[in-house]
Each structure stands twice: as structure tokens, then as C-alpha cells.
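First the structure, in the form of C-alpha cells, and then the observations on it.
Read the figures in this text as sums done on the coordinates, not as results from a lab. It should be emphasised that the depicted structure is a prediction, and the values quoted were computed from it without experimental measurement. When we count neighbours, we look across all protein chains shown, and the Cβ atoms used for this are built from the backbone with ideal geometry, even at glycine.
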Amino acid sequence: MKIDNMRKLFIVFVSLSGAYSVLFGAWLSHQGDLLPIESVATLKIAHFYQFLHTIALLAVCFYWQFTQSKAAFLTATLLSLGILLFSGSLYVKVLFACELIGKLTPIGGILLSLAWLSVLIHLNIRKH
């Protein structure tokens, strides 16, 4: 797949993730009291991490558009997979009582951490 098509795919992902974050946050604030307290706490963590990293992904996509940086592609990939595996696995685990998928959560967390480290590495290596 061409790099320009990949960038467009990330923009679609960030848009859908942002919309879902808003809608799920509204649902959680109105319906969360119907769930056990532990479930609500887990869902709030998943929601917070998704929303925060969606904003970070949006910033990376803007940076990528203007610089054509390969490092931005790597960071966008790590952020997207991290959001899916971290927040997505927590959503599925709680909402569908699927404990097994919870094993993906730490992998998602590692991917999110690697995304932030790729930002650090890229900013320190880039020549002005």
C-alpha cells in the first residue's frame, strides 16, 4: 500500500476513534451506574487512554503530512495498534466478559509506550 494511502487510513482511524471516544464517554457518563464499580473504573481507564492517544495520533498525522517522515509512519502505527490492543481489549473484556482478551492489554500498553519513545528518538535525531 502506498504511503499516502496509509496516511489516509490513519486519518480515518483517528476520526473514528475520536468519534467513538466522544460517544462512548457520553454513554459511560449516563449508563455507567448500571455496571459494577470495577467495570466502570476499567472502562474509564480504557476511554481515557483511547482519547488521549487519539489526540496524539492526530498530531502525528499532521506532522507526517507536512514532513513525509518515516518516523511519523512508525509512530502512527504504534499508536493505532496500541489503542486497539490496550483500550480495545479492555472494552471487550468488560463489556463482553471475555477474560482471555485481557492478555492483549499489556501488549497494547507496550506499543503505546514505544510510540512515545519513537517521538523522543525522532526529535533527538532530527537535524535542524
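From the phi angles alone, apply the Karplus equation (6.51, -1.76, 1.60; θ = phi - 60°) to segment 29-41 and give each ³J(HN,Hα) in whole Hz, x where the residue is Gly or Pro. Along segment 29-41, the couplings run 6, 9, 10, x, 5, 7, 9, x, 4, 5, 5, 5, 4 Hz. Can you tell me how segment 54-128 classifies by the Cα gyration tensor, rounded, prolate or oblate, using a/c under 1.5 as the rounded cut? Verdict is prolate for segment 54-128.
Tell me whether the chain comes out rounded, prolate or oblate; compute the Cα gyration tensor, take square roots of the eigenvalues as a ≥ b ≥ c, and use a/c under 1.5 as the rounded threshold. In terms of gyration-tensor shape, prolate. Restricting attention to the chain, lysine pairs at least eight places apart or on different chains and with alpha-carbon atoms under 25 angstrom apart total 6.
If packing is taken as the average count of other Cβ atoms within 10 Å, what order do 74-87, 34-47, 106-119 fall into, highest mean first?
Top of the packing list down: 74-87, 106-119, 34-47.
Overall, the chain carries a charge dipole of about 580 debye about its Cα centre when +1 sits on the Cβ of Lys and Arg and -1 on the Cβ of Asp and Glu, all other atoms neutral. Here the 3J(HN,Hα) profile of segment 44-52, calculated from phi with Karplus coefficients 6.51, -1.76 and 1.60 at θ = phi - 60°, is 5, 5, 4, 5, 4, 5, 5, 5, 4 Hz, Gly and Pro shown as x.
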